[in-house]
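The values are calculated or read from the model by the stated rules, or taken from the named source; none is laboratory data. All figures in this text were calculated on a predicted structure; none of them were measured in a lab. Cβ placement follows ideal geometry from the backbone for every residue including glycine, while neighbour counts extend to all protein chains displayed. The area values use the complete protein model at the heavy-atom level, side chains included, leaving out ligands, DNA and RNA. Shrake-Rupley method; radii C 1.70, N 1.55, O 1.52, S 1.80 Å.
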Amino acid sequence: MTDSESWKERRNQVARYRAMEEETTDPLAARLLHDIVLDLEAELEELRQSVGLDAAA
């Protein structure tokens, strides 16, 4: 898998976890999902920088 493909997959993963976070009614689950989203977004930003994608992609 190329870095660009890895970035796209990570972006999709972030979107899935965001959707789960919004849909859950359990406060603990929402907080845990929020923490996961933050971690994934940080990794996504690192990947974005290493691939050289601009912020608009």
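Sort 20-27, 2-9 by the packing proxy (mean of other Cβ within 10 Å over each peptide's residues), most packed first.
Packing proxy ranking, top to bottom: 2-9, 20-27.
Give me the net charge for the shell around Thr24: Cβ to Cβ below 14 angstrom, other residues only, Lys and Arg +1, Asp and Glu -1. Before the final figure, lay out each step's value.
Numbers: positive: Arg16, Arg18, Arg31; negative: Glu21, Glu22, Glu23, Asp26, Asp35.
That sum, taken over residues with Cβ under 14 Å, equals -2.
For the chain, what is the mean residue ellipticity at 222 nm derived from helices alone (per DSSP H run of n ≥ 4: -39500 (n - 2.57); sum divided by total residues; nearest 500 deg cm²/dmol)?
-28500 deg cm²/dmol
Please report the relative contact order for the chain, taking Cα pairs under 8 Å with a sequence separation of at least 6, and give it as a percent rounded to a whole number.
It rounds to 42 percent for the chain.
Please compute the per residue accessible area over the chain with all protein chains in place, 1.4 Å probe, rounded to a whole number of Å².
73
Taking the chain as the reference, fit the longest principal axis to its C-alpha atoms, fit the long axis of helix 27-51 to the helix C-alpha atoms, and give the angle between the two in degrees, 0 to 90, nearest 10.
Once rounded, the angle reads 0 degrees.
Assign one of three labels to the stretch 7-49, namely rounded, prolate or oblate, based on the Cα gyration tensor with a ≥ b ≥ c the square roots of its eigenvalues; rounded applies when a/c is under 1.5, prolate when it is not and a/b is larger than b/c, and oblate otherwise.
oblate
Compute the acute angle (0 to 90°) between the alpha-carbon long axis of helix 3-23 and the principal axis of greatest extent of the alpha-carbon atoms of the chain; round to the nearest 10°.
20
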